[in-house]
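To start, the structure itself, in structure tokens.
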């Protein structure tokens, strides 16, 4: 049964996040608040993590998973970013955006798109999630928590616990999140392409 950690949204208790990080280290999946909806995260170096995330969501291997990074500098380790892409990332982050970029060799093949070799990247501004990444010491593999067969992302920790208590190692309750997903922009093939409009307004980045 999933453990339940209720934390302060602006000053999350480090000892609780350390316990969640320990569960991640043991191969567990953890539901976390973000600056969009709740997401499910796992360790990038866990060989079974990608499969576990996809199974929870009912996704195939062609659905992009996302690396949640602490800052722009960390992005460059895991994705190839040219100057124009960097300017766009700098304008948008941190915030409710996911960018599809060409993955570097630091990204395991089991995680990236099987044919395009791309990966989703985001830099959130949610304090709870950022502090959890600090506890882990590395970016986290993630996917938006949308129940299989539904379209609406979840934003209530108690609801998540009730639905997934036997599939998650923990739920971190950092308060309600917006019931919406990130805006997804594909930067991997030349001109930026908006794949999904969520909380981020593409017009703020000069995109339609």
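The values are calculated or read from the model by the stated rules, or taken from the named source; none is laboratory data. Here the structure is a predicted model, which is why all the values come from computation and not from measurement. All Cβ positions, glycine included, derive from the backbone under ideal geometry; neighbour counts span all protein chains shown.
Taking the criterion of being assigned to a strand (DSSP E or B), more than 25 Å from residue 179 (Cβ to Cβ), out of contact with any helix residue (DSSP H, G or I) (no Cβ under 9 Å at 6 or more places or on another chain) and modelled with pLDDT under 95, would at least one residue in the range 103-113 satisfy it?
No, the conditions are met nowhere in the range 103-113.
Can you say whether residue 43 is crowded, with 19+ Cβ neighbours inside 10 Å, farther than 22 Å from residue 163 by Cβ and either at pLDDT 95 or above or in contact with a strand residue (DSSP E or B) (Cβ under 8 Å, 6 or more places away or on another chain) (or both), as far as the supplied structure shows?
It is true that residue 43 is crowded, with 19+ Cβ neighbours inside 10 Å, farther than 22 Å from residue 163 by Cβ and either at pLDDT 95 or above or in contact with a strand residue (DSSP E or B) (Cβ under 8 Å, 6 or more places away or on another chain) (or both).
Under 16 Å from the mean Cα position of the chain (by Cα) and either surrounded by fewer than 22 Cβ atoms within 10 Å (Cβ to Cβ) or closer than 18 Å to residue 40 by Cβ (or both): which single residue out of 104, 98 fits that description?
98
Which of the numbered conditions does residue 190 fail, given that it passes all the others? Conditions: (1) out of contact with any strand residue (DSSP E or B) (no Cβ under 7 Å at 6 or more places or on another chain); (2) outside any loop (DSSP other than H, G, I, E, B); (3) without any contact (Cβ under 8 Å) to a residue 40 or more places away in the chain.
(2)
What are the residues in the range 147-168 that are crowded, with 19+ Cβ neighbours inside 10 Å and either free of Cβ contacts under 8 Å to residues at least 60 places away in the same chain or part of a loop (DSSP other than H, G, I, E, B) (or both), if any?
Those that are crowded, with 19+ Cβ neighbours inside 10 Å and either free of Cβ contacts under 8 Å to residues at least 60 places away in the same chain or part of a loop (DSSP other than H, G, I, E, B) (or both): 153, 154, 155, 168.
Table: residues versus (1) in contact (Cβ under 8 Å) with a residue 24 or more places away in the chain; (2) assigned to a helix (DSSP H, G or I); (3) crowded, with 23+ Cβ neighbours inside 10 Å.
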site: 23; (1), (2), (3): yes, yes, no
site: 36; (1), (2), (3): yes, no, yes
site: 56; (1), (2), (3): yes, yes, no
site: 60; (1), (2), (3): no, no, no
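Going by what's in this entry, would residue 64 be described as within 13 Å of residue 141 (Cα to Cα) and either crowded, with 16+ Cβ neighbours inside 10 Å or at pLDDT below 95 (or both)?
It is true that residue 64 is within 13 Å of residue 141 (Cα to Cα) and either crowded, with 16+ Cβ neighbours inside 10 Å or at pLDDT below 95 (or both).
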